[in-house]
Amino acid sequence: MSESKGVLQGFKEFLMRGNVIELAVAVVVGAAFTNIVNAVVKGVINPIIGALGSQNLDNYKACLTVCHTDKKTGAFTDGIYILWGSVLSSALTFLITAAVVYFLMILPINKWKERQAARRPVDTPMDPTEIELLTEIRDALVAQRTGSPSVPSPTSGIIGTQKTQQ
(Lines give C-alpha, C1' and ligand atoms only; values in the text may rest on other atoms or scores of the structure.)
Protein backbone atom coordinates (compact mmCIF):
# COMPACT_ATOMS: atom_id res chain seq x y z
CA MET A 1 0.00 0.00 0.00
CA SER A 2 2.81 2.43 0.85
CA GLU A 3 4.54 1.80 -2.48
CA SER A 4 1.39 2.63 -4.45
CA LYS A 5 0.97 5.77 -2.37
CA GLY A 6 4.56 6.68 -3.17
CA VAL A 7 4.00 6.09 -6.88
CA LEU A 8 0.87 8.26 -6.88
CA GLN A 9 2.67 10.96 -4.90
CA GLY A 10 5.55 10.86 -7.39
CA PHE A 11 3.10 11.12 -10.29
CA LYS A 12 1.42 14.11 -8.66
CA GLU A 13 4.79 15.83 -8.18
CA PHE A 14 5.66 15.13 -11.81
CA LEU A 15 2.42 16.73 -13.01
CA MET A 16 2.86 19.77 -10.78
CA ARG A 17 6.30 20.64 -12.10
CA GLY A 18 6.33 23.88 -14.02
CA ASN A 19 7.86 22.48 -17.18
CA VAL A 20 5.08 19.91 -17.67
CA ILE A 21 2.40 22.58 -17.42
CA GLU A 22 4.34 24.91 -19.71
CA LEU A 23 4.68 22.10 -22.24
CA ALA A 24 0.93 21.46 -22.15
CA VAL A 25 0.25 25.16 -22.75
CA ALA A 26 2.71 25.18 -25.65
CA VAL A 27 0.97 22.21 -27.28
CA VAL A 28 -2.44 23.89 -26.99
CA VAL A 29 -1.12 27.17 -28.42
CA GLY A 30 0.67 25.27 -31.19
CA ALA A 31 -2.53 23.45 -32.15
CA ALA A 32 -4.41 26.75 -32.33
CA PHE A 33 -1.59 28.29 -34.35
CA THR A 34 -1.75 25.40 -36.83
CA ASN A 35 -5.28 26.44 -37.74
CA ILE A 36 -4.07 29.97 -38.53
CA VAL A 37 -1.25 28.69 -40.73
CA ASN A 38 -3.55 26.30 -42.57
CA ALA A 39 -5.99 29.16 -43.22
CA VAL A 40 -3.15 31.30 -44.63
CA VAL A 41 -2.03 28.49 -46.91
CA LYS A 42 -5.55 27.76 -48.15
CA GLY A 43 -6.63 31.39 -48.38
CA VAL A 44 -3.47 33.11 -49.66
CA ILE A 45 -0.79 30.72 -50.88
CA ASN A 46 -2.97 28.24 -52.75
CA PRO A 47 -4.77 30.99 -54.75
CA ILE A 48 -1.41 32.48 -55.73
CA ILE A 49 -0.22 29.08 -56.89
CA GLY A 50 -3.66 28.57 -58.43
CA ALA A 51 -2.96 31.52 -60.71
CA LEU A 52 -0.14 29.42 -62.16
CA GLY A 53 -2.03 26.14 -62.24
CA SER A 54 -4.43 24.20 -60.06
CA GLN A 55 -5.51 25.87 -56.82
CA ASN A 56 -5.45 22.54 -55.01
CA LEU A 57 -1.83 21.43 -54.74
CA ASP A 58 -2.96 17.86 -54.19
CA ASN A 59 -3.80 17.72 -57.93
CA TYR A 60 -0.11 17.87 -58.83
CA LYS A 61 1.19 14.35 -59.25
CA ALA A 62 3.51 12.27 -61.38
CA CYS A 63 3.13 8.70 -62.52
CA LEU A 64 5.97 6.19 -62.39
CA THR A 65 4.19 3.51 -64.41
CA VAL A 66 1.15 3.40 -66.66
CA CYS A 67 -1.48 5.07 -64.52
CA HIS A 68 -5.21 5.28 -64.88
CA THR A 69 -7.78 7.31 -62.99
CA ASP A 70 -11.51 6.97 -62.82
CA LYS A 71 -12.89 9.89 -64.85
CA LYS A 72 -15.98 10.26 -62.62
CA THR A 73 -14.37 10.18 -59.19
CA GLY A 74 -10.78 11.10 -60.01
CA ALA A 75 -9.58 8.17 -57.89
CA PHE A 76 -6.50 6.19 -58.93
CA THR A 77 -7.39 2.81 -60.35
CA ASP A 78 -3.91 1.42 -61.06
CA GLY A 79 -0.30 2.51 -61.43
CA ILE A 80 2.13 4.17 -59.06
CA TYR A 81 1.56 7.84 -58.41
CA ILE A 82 3.89 10.28 -56.71
CA LEU A 83 1.80 13.03 -55.13
CA TRP A 84 4.43 15.74 -55.11
CA GLY A 85 1.80 18.47 -54.84
CA SER A 86 0.85 17.42 -51.31
CA VAL A 87 4.55 17.32 -50.37
CA LEU A 88 4.95 20.84 -51.78
CA SER A 89 1.88 21.99 -49.83
CA SER A 90 3.27 20.56 -46.60
CA ALA A 91 6.66 22.15 -47.23
CA LEU A 92 5.03 25.53 -47.87
CA THR A 93 2.99 25.17 -44.69
CA PHE A 94 6.15 24.42 -42.73
CA LEU A 95 8.03 27.38 -44.23
CA ILE A 96 5.15 29.74 -43.55
CA THR A 97 4.85 28.46 -39.98
CA ALA A 98 8.58 28.90 -39.41
CA ALA A 99 8.54 32.41 -40.93
CA VAL A 100 5.54 33.52 -38.89
CA VAL A 101 7.00 32.13 -35.67
CA TYR A 102 10.36 33.78 -36.34
CA PHE A 103 9.20 37.18 -37.58
CA LEU A 104 6.17 37.61 -35.32
CA MET A 105 7.39 35.88 -32.16
CA ILE A 106 11.12 35.19 -31.91
CA LEU A 107 12.48 38.38 -33.50
CA PRO A 108 10.34 40.79 -31.42
CA ILE A 109 11.11 38.92 -28.21
CA ASN A 110 14.85 39.00 -28.95
CA LYS A 111 14.67 42.76 -29.66
CA TRP A 112 12.75 43.28 -26.43
CA LYS A 113 15.34 41.27 -24.47
CA GLU A 114 18.16 43.34 -26.01
CA ARG A 115 16.41 46.58 -24.97
CA GLN A 116 15.86 45.23 -21.46
CA ALA A 117 19.53 44.24 -21.21
CA ALA A 118 20.60 47.71 -22.40
CA ARG A 119 18.45 49.36 -19.72
CA ARG A 120 19.95 47.31 -16.91
CA PRO A 121 22.78 49.01 -15.07
CA VAL A 122 26.25 47.72 -15.66
CA ASP A 123 27.26 45.20 -13.03
CA THR A 124 29.55 46.87 -10.56
CA PRO A 125 31.73 44.82 -8.29
CA MET A 126 29.95 44.18 -5.03
CA ASP A 127 31.37 45.52 -1.79
CA PRO A 128 32.84 42.84 0.41
CA THR A 129 30.68 41.43 3.16
CA GLU A 130 31.50 41.82 6.85
CA ILE A 131 32.72 38.24 6.98
CA GLU A 132 35.15 38.83 4.13
CA LEU A 133 36.48 42.04 5.73
CA LEU A 134 36.90 40.37 9.11
CA THR A 135 38.70 37.45 7.48
CA GLU A 136 41.11 39.84 5.78
CA ILE A 137 41.73 41.74 9.00
CA ARG A 138 42.41 38.49 10.83
CA ASP A 139 44.85 37.36 8.13
CA ALA A 140 46.63 40.73 8.24
CA LEU A 141 46.95 40.61 12.04
CA VAL A 142 48.27 37.06 11.96
CA ALA A 143 50.80 38.08 9.32
CA GLN A 144 51.94 41.06 11.45
CA ARG A 145 52.32 38.91 14.54
CA THR A 146 54.35 36.19 12.82
CA GLY A 147 56.35 38.62 10.73
CA SER A 148 55.74 36.67 7.55
CA PRO A 149 53.98 38.06 4.54
CA SER A 150 50.32 37.24 4.68
CA VAL A 151 49.06 34.47 2.52
CA PRO A 152 46.21 35.95 0.55
CA SER A 153 42.93 34.23 1.14
CA PRO A 154 40.51 33.81 -1.75
CA THR A 155 38.57 36.82 -0.48
CA SER A 156 41.55 39.03 0.32
CA GLY A 157 42.48 41.99 -1.72
CA ILE A 158 40.99 45.10 -0.21
CA ILE A 159 43.11 45.48 2.92
CA GLY A 160 46.23 44.22 1.19
CA THR A 161 45.71 46.77 -1.56
CA GLN A 162 45.15 49.58 0.94
CA LYS A 163 48.23 48.61 2.96
CA THR A 164 50.53 48.64 -0.08
CA GLN A 165 49.24 52.05 -1.13
CA GLN A 166 50.16 53.63 2.24
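The values are calculated or read from the model by the stated rules, or taken from the named source; none is laboratory data. Fair warning: this is a prediction, and the values are worked out from it, not measured in the lab. Here the Cβ positions follow ideal geometry from the backbone for every residue, glycine too, while neighbour counts run over all protein chains shown. Just so you know, the surface numbers come from the protein's heavy atoms only, side chains and all, with ligands and any DNA or RNA stripped out. Shrake-Rupley method; radii C 1.70, N 1.55, O 1.52, S 1.80 Å.
Show me the trypsin sites (Lys or Arg not before Pro) within region 56-142 that DSSP assigns to loop and that have at most 15 other Cβ atoms within 10 Å of their Cβ. Let's see the in-between values first.
On the way: sites: K61, K71, K72, K111, K113, R115, R119, R138; in loops: K61, K71, K72.
Hits after loop and neighbour filter: K61, K71, K72.
What nm value, rounded to one decimal, do you get for the distance between L134 and A62 when each label is placed 7 Å out toward the C-beta?
Simple spin-label model gives 8.1 nm for this pair.
With a 1.4 Å probe and every protein chain left in place, tell me how much accessible area T135 has, in Å² to the nearest 10.
Result for T135: roughly 30 Å² accessible.
Which sequence of V37, V20, V122, V87 reflects their accessible areas, 1.4 Å probe, from the largest down?
Details: V37 5, V20 40, V122 125, V87 100 Å².
So, going from the largest accessible area down, we get V122, V87, V20, V37.
Taking a cut-off of 27 Å between Cα atoms, list the lysines near K61, but don't count ones fewer than 8 places away on the same chain.
Candidates past the 8-residue exclusion: K42, K71, K72.
Return the loop-located chymotrypsin sites (Phe, Trp or Tyr not before Pro) in region 42-94 (DSSP other than H, G, I, E, B) with at most 11 other Cβ atoms within 10 Å of their own Cβ; answer none if there are none.
Listed in order of number, the matching sites amount to none.
Using 1/(1 + (r/R0)^6) with R0 = 35 angstrom and r between the beta carbons of N46 and L107, what's the FRET efficiency to the nearest 0.05?
0.85
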